[in-house]
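Working notes for the structure below.
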Amino acid sequence: MVTAARQRRLSGVILVVISAASFGTLAILGRYAYAQGMDTLTILFLRFSLSALLLVALRQASARVPGPGPHPPPALRPRRLVWLQLVGMGAIGYVGQSYAYLTALKYASSGLVALLLYLYPIFVVFLSAIWPGVVHECITLRKLLAFGLALAGLALTVGPQGGQALGIFLALLAAAIYSVYIVVGAQVLKQVSAIQSSTVIFASAGASFGLLLALSALRGGACHLPSSGAAWLVIVLLVLLATVLPVVTFLAGLERIGASNAAMLSTLEPVVTVLLAAWLLGESLPAIALLGGGLILVAVLLSYSQ
């Protein structure tokens, strides 16, 4: 007989796997967006701003749907501290992580940057060990072994090459910022829903990227908005498939299975990216990358079977 706790854990695993698979489309859609002539800041501004507007519209629409019993208020307001944490997750977490990651790509190979970014599950475990008053998770030998297998699998999958010290530092900084984002998110989601938190996070990130875009324009930078139906289709897919779906499902799964388990499952993301790149972009898929993906799957199964 499946207990309620096991059902909840299984639903959390499924949600995070969906999130990882959806996030795996981000790099592919980003390539398509660049091919349509858009710049990084414009893409990120549209991605998060439109995502926030979509969630607000969905919440307003759901509040008007008649149903049995009294309806809760359409816009639940979390406490001020929780609200500030959510704003920080968007304005500092997402903005800082994405900026550090994109800048790191200028100074190190994409494979090395990707590998260093996916050290964040280890950082999450470290935070879980030194922050016991906030993160209530047991770090077992099985979980550490799973992380080791996942890291080895990532190295084989993304094929890291060399890079300058600055690129390595920025990639590690991106991983550290994202690990704090996950740990903070695990606590915030005990008080607000995934939809509520995602709305505030998207709006905060969109406002921050809008400010950066305005500052860039003042300095003479160009703003390349979508100029064709194909370009807008890419933006729509970025919003729906690579932002709203993965973030909402990740936060919902994070609340069910905890920070370290969610981080572990998220290592499936680069596997999806590599497979999609081979299928849609015609990139090579060496056998060693398949071996790396297999190690990641073993690590995920080992982590979940505990």
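The values are calculated or read from the model by the stated rules, or taken from the named source; none is laboratory data. Note that the structure is a prediction, hence the values are computed from the model and not measured. Note that each Cβ is placed from the backbone with ideal geometry, even for glycine, and that neighbours are counted across all protein chains shown. Just so you know, the surface numbers come from the protein's heavy atoms only, side chains and all, with ligands and any DNA or RNA stripped out. Shrake-Rupley method; radii C 1.70, N 1.55, O 1.52, S 1.80 Å.
Being in a helix (DSSP H, G or I) and out of contact with any Cys (no Cβ under 8 Å at 6 or more places or on another chain): is that true of LEU285 here? No; evaluated as a whole, the condition is false for this residue.
Tell me which of these TYR178 doesn't satisfy, since it passes every other one: (1) out of contact with any helix residue (DSSP H, G or I) (no Cβ under 7 Å at 6 or more places or on another chain); (2) closer than 17 Å to LEU102 by Cβ; (3) hydroxyl-bearing (Ser, Thr, Tyr). Status for TYR178: all satisfied but (1). Does segment 200-215 contain any residue that is modelled with pLDDT under 80 and either open to solvent by less than 60 Å² (accessible area, probe 1.4 Å) or not aliphatic (A, V, I, L, M) (or both)? Checked segment 200-215: no residue is modelled with pLDDT under 80 and either open to solvent by less than 60 Å² (accessible area, probe 1.4 Å) or not aliphatic (A, V, I, L, M) (or both). Residue count for segment 256-268, restricted to those that are surrounded by fewer than 23 Cβ atoms within 10 Å (Cβ to Cβ) and at pLDDT below 85: 1. For segment 38-79, a tally of residues being surrounded by fewer than 13 Cβ atoms within 10 Å (Cβ to Cβ), farther than 13 Å from SER197 by Cα and at pLDDT below 90 returns 15.
The condition of being over 28 Å from TYR32 (Cα atoms) and in contact with a Gly (Cβ under 7 Å, 6 or more places away or on another chain) holds for ALA262. Please verify whether LEU251 is in contact (Cβ under 8 Å) with a residue 12 or more places away in the chain and either among the charged types (D, E, K, R) or open to solvent by 20 Å² or more (accessible area, probe 1.4 Å) (or both), treating the condition exactly as stated. So LEU251 fails the test.
Across segment 14-37, the qualifying residues are those that are open to solvent by less than 20 Å² (accessible area, probe 1.4 Å) and over 20 Å from LEU233 (Cβ atoms), and the one among them that is farthest from the chain's Cα centre (by Cα) is VAL16. If you go through segment 254-284 and keep only what is free of Cβ contacts under 8 Å to residues at least 24 places away in the same chain and either in contact with a helix residue (DSSP H, G or I) (Cβ under 6 Å, 6 or more places away or on another chain) or of a type in the set (Ser, Thr, Tyr) (or both), you end up with GLU283, SER284. On the given criteria, is VAL272 within 16 Å of GLY30 (Cβ to Cβ) and out of contact with any Leu (no Cβ under 6 Å at 6 or more places or on another chain)? When the stated conditions are applied, VAL272 passes them. In segment 99-113, how many are open to solvent by 20 Å² or more (accessible area, probe 1.4 Å) and in contact (Cβ under 8 Å) with a residue 40 or more places away in the chain? So the count comes out to 9. Taking segment 92-130 only, how many residues are among the aromatic types (Phe, Trp, Tyr) and either in contact with a Leu (Cβ under 7 Å, 6 or more places away or on another chain) or modelled with pLDDT under 80 (or both)? Qualifying residue count for the region: 4.
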